[in-house]
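Engineer: First, the structure itself, so that you have it in front of you.
The values are calculated or read from the model by the stated rules, or taken from the named source; none is laboratory data. On a predicted model such as this, the values are computed, not experimentally measured, just so you know. Ideal geometry is used to build each Cβ from the backbone, glycine not excepted, and the neighbour counts take in all protein chains shown. We work out accessible area using only protein heavy atoms, side chains counted, and drop any ligands, DNA or RNA first. Shrake-Rupley method; radii C 1.70, N 1.55, O 1.52, S 1.80 Å.
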Amino acid sequence: MRTRPIWWPWPAVWLAVAVATAALVRLPGPAMLDPDEYASALYFDHLIHGRRLEEFLLSAPKPLLTLVHGLAWTATHDWRAGTALTVAAFALAVTALARAASRLGGPAAAVSVGLAVAGSGALILQVARGNSVIWALAGWAVALDALARRDRRWGVAAAALLLAGLARAEGWLLLPPAALLGLVAWRRGERRGLLLLVPLAAPLLWLGHDLLLAGDPLYSLKVPDRYTDLVSGRQVIGPRAWVELVARRYAHTPLLAVLALLGAVRLALRRSWLWLGGIGVLLVGVLALLGVEAWRGTYVSFRYYDPADASVRVLAGVGAAWLLSGAVAWLAGRRRPSGDGPRMAAVTAAGAVAAGALVAAACLPLAPTDPGVGPTLDRSARSSRNTASAVAALRQVSGAPSSVVVVSGPQRYRVALELGLPLERVKDLYLGALAEPLPLALAGAAAVYHDSGGDQPAGRFAQLEVTTPERLGSLRVEPLLTSPLRGLYVLRVEAVPKNVAQSPSD
């Protein structure tokens with residue numbers, strides 16, 4: 001018997017998740033975006049002014065993020081606007097998943113799935129960073145909610161999948177099965193099912209975005225290899241080692257893995273092929289794609305696991321709801337409670353609470369108590385405050401025509417936009433010192449901004465941590481703004497005049 005969904009105040013759920021998430025990411029505190037998100041605003045600035053990138057950057061462009069963060073910065077000149085929009089997108093993702101789950105397994109599924117996703121410390125950090133995975137997750141969740149209805153909303157699903165495909169390339173994995181679903185629906189007489197062919201345009205739009213931005217439609221695809229070769233170095237992980245690595249990753253949370261398996265069984269027994277197909281593509285497909293990249297030796301960040309990890313959490317929420325709501329109903333003497341009345345409401349509420357408690361235990365530590373969240377946000381906030389101070393100090397020397405400043409690598413794009421300088425006048429301190437000795441990396445610069453927390457390894461940049469004028473090779477550095485406690489050093493850079501021996505006069 002199909003579980004009958006009850007009405008929930010979904011706008012109130014969205015608001016509650018948004019407020020809680022905003023508190024967790026410390027809005028309206030300092031902006032804590034990642035370099036990729038600052039780069040997105042830079043890409044937007046180039047596109048609207050008809051300029052192409054001056055050099056190959058190590059942040060892969062993502063069309064949706066170009067629009068989101070570019071518009072947010074252009075409209076407000078406040079980086080926190082991008083974070084606020086990402087908070088709203090995350091709340092939408094959690095609400096859409098919970099609402100879709102409520103149709104599948106009632107309030108217990110809604111609570112457990114929503115809590116599993118909203119409680120992820122990794123996702124909360126991505127919200128603070130304004131990361132693209134949150135926007136992709138929102139698109140996938142809205143599409144699932146639109147297609148899991150009895151009266152499917154094809155247009156909403158198509159728009160959501162298109163936007164998700166412009167946020168993360170992993171979303172392209174969902175486009176062929178979605179198009180196939182639309183064609184099957186069309187064959188059965190649902191003409192609007194053909195709208196699911198529209199998201200297939202996402203890769204073409206992405207290629208066009210890169211062509212306009214960099215003159216190369218494959219620009220984004222080349223960034224991971226360039227980053228690997230320049231920064232991290234190639235480390236090949238073979239297929240067998242990759243499978244073992246993935247197995248160890250999920251073995252660290254055995255209860256979560258067991259609940260996820262129960263969730264998959266539940267979906268299979270109910271023949272919920274839409275759920276199984278979508279989650280299966282994101283889970284297996286993303287891990288397989290990462291495995292191929294690891295086999296090539298391409299750098300694989302821990303953040304790339306987020307779509308797969310979120311899929312596991314959704315499955316675990318479904319599994320916990322199936323297990324606990326059934327157990328509570330059995331203990332209440334009704335295996336399939338139905339009808340109205342206080343008894344039905346009490347059994348339903350108890351099942352939801354029990355399922356939520358179980359999935360919370362499986363997902364420990366939840367974001368508010370996750371030991372990795374607070375310190376990471378602290379470091380990001382300190383870096384953001386340092387950059388704001390550094391920008392003010394750099395204005396003293398950046399106004400001169402053709403003056404060049406060298407800045408902490410993670411903050412380069414932000415500094416360029418805030419100072420209104422082209423990239424050729426804002427050099428990357430990390431990459432410069434990676435290629436040549438520090439004095440040569442600073443040659444020709446008017447000033448340097450060094451953040452001891454962001455510029456690593458520390459020994460490479462220790463010579464810049466001074467509070468009095470010092471000699472640095474053939475250069476002289478003089479503090480414009482320093483704060484050792486904050487790890488902030490903004491120094492004027494000048495060439496040391498050569499001592500020329502005076503010839504004796506006749």
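Engineer: Using the Karplus equation 6.51 cos²θ - 1.76 cosθ + 1.60 (θ = phi - 60°), what ³J(HN,Hα) coupling, rounded to whole Hz, does each residue of the stretch 217-231 give in order, writing x for Gly and Pro?
Structural biologist: So the J values, rounded to whole Hz, are x, 9, 4, 4, 5, 8, 4, x, 5, 5, 4, 4, 5, 8, 10.
Engineer: Given a 1.4 Å probe and heavy atoms of the protein chains only, how would you sort LEU485, LEU230, LEU431, LEU417, largest accessible area at the top? All intermediate terms of the calculation are to be shown ahead of the outcome.
Structural biologist: Values: LEU485 175, LEU230 75, LEU431 50, LEU417 30 Å².
Ranked list, largest accessible area first: LEU485, LEU230, LEU431, LEU417.
Engineer: Okay, moving on. Round to the nearest 10 and give me the degree value, 0 to 90, for the angle of helix 154-167's Cα axis relative to the longest principal axis of the chain.
Structural biologist: 30 degrees
Engineer: Roughly how many nanometres apart are two label points built 7 Å out from the Cα toward the Cβ at LEU204 and THR76?
Structural biologist: About 3.5 nm, to one decimal.
Engineer: Now for a different question. For the stretch 360-506, which whole percent of the accessible surface, found with a 1.4 angstrom probe, sits on carbon and sulfur atoms?
Structural biologist: 54 percent
Engineer: Right, another one. Quick one: what are the phi-derived ³J(HN,Hα) couplings along the stretch 16-26, Karplus 6.51/-1.76/1.60 with θ = phi - 60°, whole Hz, x for glycine and proline?
Structural biologist: Once rounded to whole Hz, the list reads 5, 5, 5, 5, 5, 5, 4, 5, 5, 8, 6.
Engineer: Would you mind calculating the relative contact order of the chain from Cα pairs under 8 angstrom and at least 6 residues apart, reporting the percent as a whole number? Numbers along the way, then the final one.
Structural biologist: Values: 821 pairs, mean separation 73.3, N = 506.
It comes to 14 percent, rounded to a whole number.
Engineer: Quick check on the chain: of the DSSP beta bridges with both residues there, what percent are antiparallel, nearest 5%? Each step should come with its number before you reach the end.
Structural biologist: Working: 16 of 22 bridges.
If I count the DSSP bridges inside the chain, around 75 percent turn out antiparallel.
Engineer: Along the positive direction of the dipole of the chain (beta-carbon charges: Lys, Arg +1; Asp, Glu -1; about the Cα centre), which of SER474, LEU256, VAL133 reaches farthest?
Structural biologist: Value: LEU256.
Engineer: Count the net charge of all other residues whose Cβ sits under 15 Å from the Cβ of GLN126, scoring Lys and Arg as +1 and Asp and Glu as -1.
Structural biologist: Cβ neighbours under 15 Å give a net charge of -1.
Engineer: Moving to a separate point now. Which value, in Å² and to the nearest 10, is the accessible area of ARG234 when all protein chains are kept and the probe is 1.4 Å?
Structural biologist: Answer for ARG234: close to 100 Å² accessible.
Engineer: Amide H neighbours of SER120 under 5 Å, counting only residues 5+ apart in sequence or on other chains, H built in-plane at 1.01 Å?
Structural biologist: Excluding prolines and chain starts, which carry no amide H, the hits are ALA367.
Engineer: Turning to a different aspect of this structure: What residues have an amide H closer than 5 Å to that of LYS427, excluding those fewer than 5 places away on the same chain, when H is modeled at 1.01 Å from N in the peptide plane?
Structural biologist: Here the answer is VAL405, VAL406, VAL407, since their amide H atoms fall under 5 Å of that of LYS427.
Engineer: Which value in nm describes the separation of the simple spin-label points at ILE48 and VAL184, placed 7 Å from the Cα toward the beta carbon?
Structural biologist: Each label point is offset 7 Å from its Cα along the Cβ direction, giving 4.3 nm.
Engineer: If you don't mind, another one. Enter the accessible area of ARG152 (Å², nearest 10), with the probe set to 1.4 Å and all protein chains included.
Structural biologist: Counting only protein heavy atoms, ARG152 exposes about 80 Å² to solvent.
Engineer: Would you work out which of TYR227, TYR38, ALA146 lies farthest towards the positive end of the dipole of the chain, given +1 charges on the beta-carbon of Lys and Arg and -1 on that of Asp and Glu, about the Cα centre?
Structural biologist: Of the candidates, ALA146 comes out farthest on the positive side.
Engineer: Shifting gears a bit: Quick one: dipole size for the stretch 141-190, taken about the Cα centre, charges +1 on Lys/Arg Cβ and -1 on Asp/Glu Cβ, in debye to the nearest 20.
Structural biologist: On the way: 7 positive and 4 negative charges, 35 e Å.
I would put it at about 180 debye.
Engineer: Toward the positive end of the charge dipole of the chain, about the Cα centre and with charges on Cβ (Lys, Arg +1; Asp, Glu -1), which of ALA178, LEU434, ALA23 goes farthest?
Structural biologist: Highest projection toward the positive end goes to ALA178.
Engineer: Let me ask something else. Can you list residues whose amide H is under 5 Å from LEU472's amide H, if they're 5+ apart or on another chain and H is modeled 1.01 Å from N?
Structural biologist: VAL477
Engineer: In debye, nearest 20, what is the charge dipole magnitude of the chain about its Cα centre with +1 on Lys and Arg Cβ and -1 on Asp and Glu Cβ, if you could check?
Structural biologist: Charge dipole, the chain, about its Cα centre: 2460 debye, nearest 20.
Engineer: Can you give me the angle between helix 80-118 and the longest principal axis of the chain, using Cα atoms only, in degrees from 0 to 90, rounded to the nearest 10?
Structural biologist: Between the helix axis and the principal axis of the chain, the angle is about 20 degrees.
Engineer: Same structure again: Using a probe of 1.4 angstrom, how much of the accessible area of the stretch 245-310 is carbon and sulfur, in percent?
Structural biologist: Working: 2420 of 3340 Å².
Solvent-exposed carbon and sulfur of the stretch 245-310 make up 72 percent of the total.
Engineer: Taking the Cα centre of the stretch 183-297 as the origin, how large is its charge dipole in debye, to the nearest 20, when only Lys and Arg (+1) and Asp and Glu (-1) carry charge on their Cβ atoms? Please report the intermediate quantities before stating the final value.
Structural biologist: Details: 14 positive and 7 negative charges, 132 e Å.
The calculation lands at about 640 debye.
Engineer: For the chain, what is the accessible area per residue in Å² when the probe is 1.4 Å?
Structural biologist: Values: 23350 Å² over 506 residues.
Here the residues of the chain average 46 Å² of exposed surface.
Engineer: Right, here's the next one. Per residue of the stretch 380-387, what does 6.51 cos²θ - 1.76 cosθ + 1.60 with θ = phi - 60° give for ³J(HN,Hα)? Whole Hz please, x for Gly and Pro, Karplus curve as stated.
Structural biologist: 5, 5, 4, 4, 5, 5, 4, 5
Engineer: Note the angle between two axes, namely the Cα long axis of helix 342-362 and the longest principal axis of the Cα atoms of the chain, as a number of degrees from 0 to 90, rounded to the nearest 10.
Structural biologist: Once rounded, one gets 40 degrees.
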